[in-house]
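The values are calculated or read from the model by the stated rules, or taken from the named source; none is laboratory data. Keep in mind that what you see is a predicted model, and the values were worked out from it rather than measured. Neighbour counts are summed over all protein chains in view; Cβ atoms, including those assigned to glycine, are modelled from backbone coordinates with ideal geometry. These accessible areas exclude ligands, DNA and RNA; they are computed on the full protein's heavy atoms, side chains included. Shrake-Rupley method; radii C 1.70, N 1.55, O 1.52, S 1.80 Å.
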Amino acid sequence: MIQGIGAAPGIAIGKAFVLPTWEWELPDQKMDAVDLAKEIERLYEGIRTSKDEIEYIKNEFKEIVGDEESSIFDAHLAILEDPAFMSEIQGIIQRQYKAAEVAVKEAIDHFVTMFDLLDDEYMKERALDIKDVGNRLLKHLLGAPEITLPSDTQPYILVAKELSPSQLAHLNPDYVLGIITMIGGKTSHSAIMARALGIPLVSGLENKLTKPILTGDQLIVDGDNGQVYINPDSHITERYTELHSKILKKKQQLELLASVDALTKDGAELHLAANISSVKELDLALKYGAKGVGLFRTEFLYMDRPSLPSEQEQFEIYRQVAEKMGNYPVVIRTLDIGGDKELDYFTLPEEDNPFLGYRAIRISLDHKELFKTQLLAILRASAYGGVRIMYPMISSVDEVRRANEILREAMAELDERGTPYNRDIPVGIMIEIPAAVTIADLLTEEADFFSIGTNDLVQYVLAVDRMNEQIAHMYHPYHPAILRMLKMTVDAAHQSGIPVSVCGEMAGDERSIPIWLKLGVDHLSMSIQSLLKVKHRTLNTSAEEAVKLAEECFTMRTSLEIEQLLTDYVDSTK
């Protein structure tokens, strides 16, 4: 067994196909000066052909996974249009009298090396995008053929040193059982695409293998635990085959619950909605019985593209979501960038602590036109369904008032255009900062609803960055302080008669169900994969028993005691 990084969940069992590493044979001789213009023209012809090919792949891939994941290829197009990348290539041709393909190869190596030296995992992953685009350009300059994959008649586990988004886009997910890469991690575009396609992926095996994996080797890929078994014995194979069968059987059984309401055994109901980032996810959310979208993360519409999305482009996407969800509510969170979410074309200041810095509503209020463009698109979409607006990272009454002032300006602009929208559109806020909790009673006078973002709330209340390996063990959602914060928020909302939902990871944790029943939370919004699991647990829960258990939790002094009590309760009711 080799321990790697679990980059996309699931189990795959099958034979390996090892993708060969392409080694380019490039000439080393100098060009004549009279041929330089010809080389520049060859370069631009290769760029045009590469762009056309990327556009074709993007449109083809969009049909499979939707706009968000296919927009990865916008980043590839942006590289081919990047002045620094093109200037580097042209400079090598003109100053060193080298052929176009040699110049491209040297430019790729230069930028990849530069990115690899940065102590930033995200930027290291972007080096693969540059290599992917450069190799495509090289292929056209050299007239090299594509490396062919096995025919679709025999499913296989793909093994590669690294796998580019372009290569993944050409795979048939029905025949690729799993993927293993020697380098790469959870944040790579390939990992994002593998998760979207539902293909288990383990990466980070470089320097861990005592001998190379060969085509035809029998493999087991455990994407949940980041483990790879090479030519395992019969006992391990039988164990994973049985586990794989149980997972499929449980998934099929849970899917039968999609049309059932999430009622406890004694009749208490939890309204379950889905967190989404793209239109494509809606079909699965509806299939799994989501009663609305409790969190539409709009920042993903802005990412991996060369420029800001237009009002019309955003409107079309929001309208599709509203129409698909019918009478169910659709809560659209306004742009939430900053922290760990950056835009290539929108420069944010360097910060020592970006999570406590310039992000979310703070950016929107400073960039009024950017904010108003999004609000115009959301308002227009509100004419097509139960659309609601939600502001992220609110810490004061003033922020809500300033945001609503811009919203009123957007409404006035639509009135001038004669464009229909819902004049009574509900406007809510995310409660994810301790300041917002402590003034929740004041904020109820400014907002139509609350949505508690537990991920950031836990981080800020406990002063724990869960991405920091040294202190990640201190990130405790069931800390007594968190339970008190939740109660303060829900009590303030209900005393003022406004609904409150939860949209962080705690919403999708079945152990939290007693807490929500005790507090009287109106709605839960979670990852699509958690919907059926939480519904199943709710159907097997007694609200009366759960409330008593939660009351006991509120008297406990440590997070470990609370977590253990809730875990034991879930285990006892399975």
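Roughly what angle does helix 83-96 make with the longest principal axis of the chain, taking Cα atoms, 0 to 90 degrees, to the nearest 10?
It works out to around 10 degrees.
What accessible area per residue, rounded to a whole number of Å², is obtained for the chain using a probe radius of 1.4 Å?
Values: 26290 Å² over 574 residues.
Spelled out: the 1.4 Å probe surface of the chain, per residue, equals 46 Å².
How much of the accessible area of the chain, in percent, comes from carbon and sulfur atoms when a 1.4 Å probe is used?
Details: 13150 of 26290 Å².
Using a 1.4 Å probe with all protein chains present, the chain comes out at 50 percent carbon and sulfur.
Would you please put 253-259, 291-297, 136-142 in order of how densely packed they are, using the mean number of other Cβ atoms within 10 angstrom per residue and starting with the highest?
Details: 253-259: 12.7, 291-297: 24.9, 136-142: 21.3.
My ranking of the peptides, most packed first, is 291-297, 136-142, 253-259.
Roughly how far apart, in whole Å, are the Cα centres of the range 395-416 and the range 344-371?
If we compute the Cα centre of each part, the gap is 19 Å.
Provide, for q = 0.13, 0.16, 0.23, 0.29 Å⁻¹, the log10 of I(q)/I(0) from a solvent-free Debye sum over equal Cα point scatterers in the range 277-343.
Result of the Debye calculation: -0.38, -0.56, -1.02, -1.36.
I want the local charge near E561. Using Cβ-Cβ distances under 12 Å, sum +1 for each Lys or Arg and -1 for each Asp or Glu among the other residues.
Values: positive: R557; negative: E552, E563, D568.
Charge balance near E561 sits at -2.
Under 15 Å from the Cβ of V331, count the other residues' Cβ atoms, weight Lys and Arg +1, Asp and Glu -1, and hand me the total.
Working: positive: K291, R297, K324, R333, R388; negative: E281, E299, D336, E432, D448, D522.
Once all neighbours under 15 Å are counted, the net charge is -1.
Could you pull the accessible area for E55 with a 1.4 Å probe, rounded to 10 Å²?
We get 80 Å² for E55.
When the helix-only estimate is applied to the chain (DSSP H runs of n ≥ 4, each -39,500 (n - 2.57), divided by the residue count), what is the mean residue ellipticity at 222 nm, nearest 500 deg cm²/dmol?
Details: 22 runs with 274 residues, N = 574.
That calculation yields -15000 deg cm²/dmol at 222 nm.
Local charge sum around P420 (other residues, Cβ-Cβ under 14 Å, Lys/Arg +1, Asp/Glu -1)?
Details: positive: R319, R380, R417, R423; negative: E413, D415, E416, D424.
Charge balance near P420 sits at 0.
How much length is gained if the chain between E350 and M488 is pulled fully straight, taking 0.36 nm per residue apart and subtracting their Cα-Cα distance, in nm to one decimal? Show your work: numbers first, answer last.
Numbers: separation 138, 0.36 × 138 = 49.68 nm, distance 3.49 nm.
Between E350 and M488, full extension yields an extra 46.2 nm.
May I ask for the angle, rounded to the nearest 10°, between helix 36-65 and the longest principal axis of the chain, with both axes built from Cα atoms and the value confined to 0 to 90°?
The helix 36-65 is inclined about 30 degrees to the chain.
Compute the distance in nm between two label points, each set 7 Å from the Cα along the Cα-to-Cβ direction, one at E544 and one at V260.
The answer from the label model is 2.1 nm.
For the ranges 212-222, 315-325, what's the packing order if you count other beta-carbon atoms within 10 Å of each residue, average per peptide, and put the highest first? Spell out each step's value before the answer.
Values: 212-222: 17.8, 315-325: 20.1.
My ranking of the peptides, most packed first, is 315-325, 212-222.
Put +1 on the Cβ of each Lys and Arg and -1 on the Cβ of each Asp and Glu in the chain; which of L163, F300, Q564 then has its Cα farthest toward the positive end of the dipole?
Q564
Between the helical axis of 121-142 and the dominant principal axis of the chain, each derived from Cα atoms, what acute angle in degrees is found, rounded to the nearest 10?
Tilt relative to the chain: about 40 degrees.
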